[in-house]
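Nothing in this text is a laboratory measurement; each read-out follows from the coordinates by a stated rule. As the structure is a computational prediction, the values presented were derived from the model and not from experiment. Cβ: placed from backbone, ideal geometry, glycine included. Neighbour counts: every protein chain shown.
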Amino acid sequence: MKQNNNGVNVIGIPRAISYYNNYPFYFGFFKGLGLEVLISDRTTTKLINEGSNYVVSDTCLPIKVFVGHVINLLEKGCNTIFIPSLQSTAYKVNNCTKIRGLPEIIRNVINKPFKMIEPTLDKTNNISFKDFCYDTAHQLDIFDENKIEIAIQYGWSIYNNFQQMALAEIPFEEALKNAIENKIVSKPIEVVKPLSVVIMAHGYNLFDERISMNLIKKLEKMGVKAYTGLNVSKQNAINSIQELGEIQYWANELDLTGAAAYYMLNNKVDGIIALSAFGCGPDSLMVDEIQYHASEKGFPMIHLTIDEHTGEAGFVTRIEAFIDMLIRRKRKKLKNNNIKILPSSKKEQITKKEDKTVSFV
Ligand code: SF4
């Protein structure tokens with residue numbers, strides 16, 4: 001196993017797929033086991049192209065990106081890489097076949113010598129999260145139960161700090177950075193934006209800024225507040241799916257159907273943006289489900305699909321058109337409710353609830 005300058009063993013974690021849901025836990029757990037964690041670089045076009053060269057062309061973009069990140073770690077000299085098989089995350093709550101079979105995909109497409117740490121999580125078949133952690137430690141030749149238990153606790157403490165900040169609407173990168181530094185920061189006071197949307201998307205599509213083409217920041221620049229699945233508690237997401245009369249089947253369903261349902265049912269946003277990878281089976285079902293309920297309720301929604309060829313100009317045009325439509329819709333609504341609208345030339349967008357005055361760019 002590769003060691004750092006201080007003789008500490010190094011484990012590599014690809015910055016893709018479950019990194020975006022579980023990295024705070026992974027980081028704390030591996031630190032607790034006495035390892036140094038090496039993450040792959042941020043996604044670039046070169047990294048995507050590299051990953052794409054190893055798999056058949058109709059593989060979805062996030063898997064191509066994952067392969068690119070494994071190659072990136074190997075290029076850094078890392079020879080032990082964590083690639084879990086996340087089968088089901090709760091009873092009968094499943095991941096897609098590609099995420100379930102990730103170790104097999106990597107074994108079959110990357111013909112280079114390295115050790116894969118490949119524990120299985122499968123709650124449907126009684127392989128619990130604790131089993132998953134023990135399996136990981138054992139594959140690293142760590143058998144000290146006390147050490148493993150302490151590492152699990154440390155993993156959860158970092159994860160809980162991250163979640164607390166995410167629920168308080170701290171942006172993903174900031175929450176992650178503070179959590180792994182063992183800090184909790186509170187949300188700064190922000191100007192209330194006159195428009196808001198919820199983005200239903202997998203974390204690995206949305207928070208990877210190359211894949212999402214910086215969607216959240218683009219919306220912020222347009223004066224639109226973007227909520228995500230990270231801002232909704234697990235219970236609220238589950239309750240909202242049930243309220244729609246649907247069931248949770250997919251592992252990432254809470255970030256997609258759950259988040260969209262919660263904000264739509266509680267009328268907390270002006271519209272829904274669905275962001276998904278071209279050719280993704282689970283997303284096509286979840287997006288269809290929400291599209292059905294949104295159109296029933298007359299709730300605006302747009303579906304953006306992405307692959308490695310998606311051009312930024314067309315992507316931005318679609319977002320701008322959607323936001324323009326939301327602005328017109330809201331203006332009309334406010335007018336009907338006799339709420340004064342400031343001139344559109346006024347750039348500063350402030351909502352003052354007391355005097356019911358709203359301005360759009
Ligand atoms: S859920 Fe969809 S986008 Fe994600 S890995 Fe599976 S097929 Fe690809």
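Here are the numbers for this structure:
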read-out	value
Charge tally in the Cβ shell below 10 Å around Lys64, where Lys, Arg are +1 and Asp, Glu are -1, Lys64 excluded	-3
Relative counts (whole %) of C-alpha pair distances in the range 190-358, using bins that are 5 Å wide	1, 8, 18, 21, 20, 15, 10, 5, 2, 0
Local electrostatic count, Arg328, Cβ distance below 15 Å [Lys/Arg +1, Asp/Glu -1]	+3
Residue-count net charge about Thr317 - beta-carbon cut-off 12 Å; Lys, Arg +1, Asp, Glu -1	-1
Rg/Rg_ref, the range 20-113, where Rg_ref = 2.2 N^0.38 Å and atoms are Cα	1.13
Axial C-alpha extent at least 24 Å, average Kyte-Doolittle at least -1.0 - helices from the chain (DSSP)	145-167, 281-297, 312-336
Share of alpha-carbon pairs per 20 Å distance bin for the chain, given as whole %	27, 56, 16, 1
Whole-angstrom gap from the range 170-242 to the range 107-123, using each part's C-alpha centre	31 Å
Lysine pairs in the range 12-147 with Cα atoms under 24 Å, if 8 or more residues apart or on separate chains	24
Range of Cα positions in the range 179-262 per principal axis (Å), largest first	35, 33, 27
